[in-house]
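These notes concern the structure reproduced below.
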Amino acid sequence: MTTAESHALSAPHFVQGALIEGDAVRHRSRDLGADFTTPAIDLDDIVMPRSELPPLLDVKLTEIIDFLVEVGECLHLERNPYLQDCLEYIAATNPLPRRVVENLYREAPYYLNRQLLESMVDSNFANREALDGWVERVDPYGSKLAVRAFPSRIVHMLAGNAPAGCIASIAQGALVKAVNLFKMPSSDPFTTVAVLRTMADVDPSHPVVRSMTAVYWPGGDETIERTLYRPQYFDKIVAWGGGPAINNVIKYLGPGIQLVSFDPKSSISLIGREALASDEVMDDVAERLAADTTVFNQEACLASRFAFIEGDRAEVEAFCAKLLDRLGADRQHASAKALPPPSEVREEVEIMSAMGELKTWGRFDGSGMVILSDSPVNFHPSNKTSNVVMVDSLDDAVRYVNVATQTIGVYPFERKAMLRDRLAVAGAQRLCRLGTADLHALGSPHDAMYPLQRLVHWMADDDVTATDAPLA
């Protein structure tokens with residue numbers, strides 16, 4: 001990856017084990033408007049014909065995990081030249097500060113940790129043997145059934161808001177033995193190839209390496225997508241992204257091609273009046289809420305945007321002041337200052353404040369802002385902005401939860417159990433202790449599903465002998 005004379009960064013492709021370099025096509029990143037160049041895409045090269053068996057089909061899962069763990073050991077930033085180069089380039093294309101990206105890269109080996117990989121498999125599959133071959137059983141009527149989780153052919157539309165998150169997608173694709181095409185985002189057209197180059201350095205001929213391709217094209221490019229997104233080439237599209245990106249994929253869906261969508265989500269916090277018991281407790285809860293709000297400078301789906309809190313106005317206003325102070329802190333995955341909120345948000349807040357509908361703390365400079373209201377604002381709080389909403393009871397907040405609500409941090413912690421059934425019925429996907437939104441228990445579902453189950457092609461071989469077997 002080099003910088004051309006025209007100051008456009010060069011982003012190579014990786015096609016089934018081979019590095020492809022070139023500057024035939026010039027692009028501009030969506031977030032920061034930086035130019036970068038890529039090789040031209042040869043569609044014949046990036047599509048593996050159906051006549052070819054997936055490279056990982058007969059490779060044992062244990063061997064795949066061993067290989068991924070070995071690659072993980074080579075992803076330590078201080079000794080990986082590819083990630084070191086990416087760290088310099090990505091500052092031009094990604095809105096996250098360099099220090100935060102560096103912290104994310106330092107966590108790269110964790111994504112290929114053996115315990116994590118094993119837990120992903122065992123939480124997703126009742127019997128992992130189905131990944132390695134046909135698993136047989138006999139039903140109550142005496143009929144035999146053999147089932148196999150067969151490798152799929154998958155397009156992964158990677159998210160651009162979390163550099164190093166691509167490693168999780170690479171791991172998922174390898175664990176299910178898929179043939180994988182990674183469409184890189186314009187805010188990070190570098191990291192995926194850096195990880196795959198590391199894999200190739202470990203073993204260039206390994207079937208995991210040969211099952212991986214990573215390229216960039218602008219999302220919505222019909223000349224590419226109308227050709228690729230067909231069932232004769234791919235079984236599934238795994239899509240991370242905003243509403244327009246997901247809607248763009250939907251138009252290509254039909255019989256034989258499925259969408260596994262990690263679509264846009266919003267996260268909230270539920271805070272009981274116990275949080276206002278004393279200055280010391282308020283300080284602790286404000287820190288917890290700020291930590292959940294500022295993950296990736298509030299770019300992450302799990303970052304809290306709305307905080308529903310019980311209490312009288314004077315107490316809640318005192319809490320808002322404490323929260324503002326903590327929003328401006330430097331953190332592992334957040335900087336003291338983010339990009340400023342969009343101008344349209346600023347205009348709406350100023351109008352609503354003038355009308356007496358809101359009270360605000362902070363400035364529109366990315367250092368943090370708290371908006372206090374009696375009902376949620378009708379825009380998407382971003383760039384380290386927390387909308388604190390006063391409620392008489394946390395039960396009243398349940399009506400604001402829907403199928404787009406991903407993570408809910410709760411304080412005090414024991415109230416999670418009291419609320420979780422109603423929140424699940426409303427559509428919520430995950431509960432956690434306030435302050436731990438960025439942490440996960442191994443084996444947890446993602447976006448209300450166990451995705452690896454959906455990334456395979458489930459094949460059944462029925463051997464029915466009983467005349468009284470059910471029809472369906």
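With axes computed from alpha carbons, what is the tilt in degrees of helix 343-354 against the longest principal axis of the chain, rounded to the nearest 10 within 0 to 90? So the inclination is approximately 30 degrees. When only Cα pairs below 8 angstrom with a gap of at least 6 residues are kept, segment 266-433 shows a relative contact order of 28 percent. The slack in the chain from residue 139 to residue 78, taken as 0.36 nm per residue of separation less the alpha-carbon distance, amounts to 16.5 nm. Other residues lying with their Cβ under 11 Å from the Cβ of residue 426 contribute a combined charge of +2, Lys and Arg counting +1, Asp and Glu -1.
Within segment 266-433, what whole-number % of the accessible surface is contributed by carbon and sulfur, with the 1.4 Å probe and all protein chains included in the calculation?
Details: 3530 of 7150 Å².
Reported share for carbon and sulfur atoms: 49 percent.
When Rg and the Kirkwood radius Rh are both evaluated on Cα atoms of segment 266-433, their ratio Rg/Rh stands at 0.93. Assuming charge only on the beta carbon of Lys and Arg (+1) and of Asp and Glu (-1), the dipole of the chain about its Cα centre is about 380 debye to the nearest 20. Place a point 7 Å from Cα of residue 50 in the direction of its Cβ. Which residues in segment 220-248 have their backbone N less than 13 Å from it? Correct set: 230-236.
Dipole size in debye (nearest 20) for segment 29-113 around its Cα centre, Lys and Arg Cβ +1, Asp and Glu Cβ -1? Computed charge dipole of segment 29-113: roughly 380 debye. In the chain, the sites counted are trypsin sites (Lys or Arg not before Pro) in DSSP loop states with at most 15 other Cβ atoms within 10 Å, and the longest stretch holding none of them, exclusive of the sites, is 61-250.
Hey, for a label at residue 317 modelled as a point 7 Å past Cα toward Cβ, could you say which residues of segment 366-383 have their backbone N under 17 Å away? Answer for segment 366-383: 370-375. Assuming charge only on the beta carbon of Lys and Arg (+1) and of Asp and Glu (-1), the dipole of segment 266-433 about its Cα centre is about 560 debye to the nearest 20. Measuring r between the beta carbons of residue 222 and residue 106 and using R0 = 25 Å, the FRET efficiency lands at 0.05. Could you state the angle between the C-alpha long axis of helix 415-426 and the longest principal axis of the C-alpha atoms of the chain, as a value from 0 to 90 degrees rounded to the nearest 10? Rounded to the nearest ten degrees, it is 60. Surface analysis of the chain yields an accessible area of 44 Å² per residue, using protein heavy atoms and a 1.4 Å probe. For the pair segment 91-169 / segment 449-463, the C-alpha centres are spaced 14 Å from each other.
Dividing the helix sum by the residues of the chain, where each DSSP H run of 4 or more adds -39500 (n - 2.57), gives a mean residue ellipticity at 222 nm of -9000 deg cm²/dmol. Other residues whose C-beta falls under 15 angstrom from the C-beta of residue 96 contribute a net charge of -1, scoring Lys and Arg +1 and Asp and Glu -1. Of the GluC sites (Glu not before Pro) found in segment 101-138, the ones in coil according to DSSP and having at most 16 other Cβ atoms within 10 Å of their Cβ are 107. When you restrict to C-alpha pairs under 8 Å that are six or more residues apart and normalise by the size of the chain, the relative contact order lands at 17 percent. Could you give the length gained on full extension between residue 16 and residue 375, defined as 0.36 nm per residue of separation minus the Cα-Cα distance, in nm? My answer for the length gained is 124.1 nm.
With a cut-off of 15 Å on the backbone N, the residues of segment 104-144 near the modelled label site 7 Å out from residue 460 along Cα-Cβ are 135-144. Within segment 333-445, antiparallel bridges make up roughly 30 percent of the DSSP beta bridges whose residues both belong there.
With respect to the chain, whose longest principal axis is taken over its alpha-carbon atoms, helix 61-73 is tilted by about 50°.
The values are calculated or read from the model by the stated rules, or taken from the named source; none is laboratory data. Computed from a predicted structure; not experimentally measured. Cβ sites come from the backbone with ideal geometry, for glycine too, and all protein chains shown count toward neighbours. Accessible surface is based on the protein model in full, side chains and every heavy atom, while ligands, DNA and RNA are left aside. Shrake-Rupley method; radii C 1.70, N 1.55, O 1.52, S 1.80 Å.
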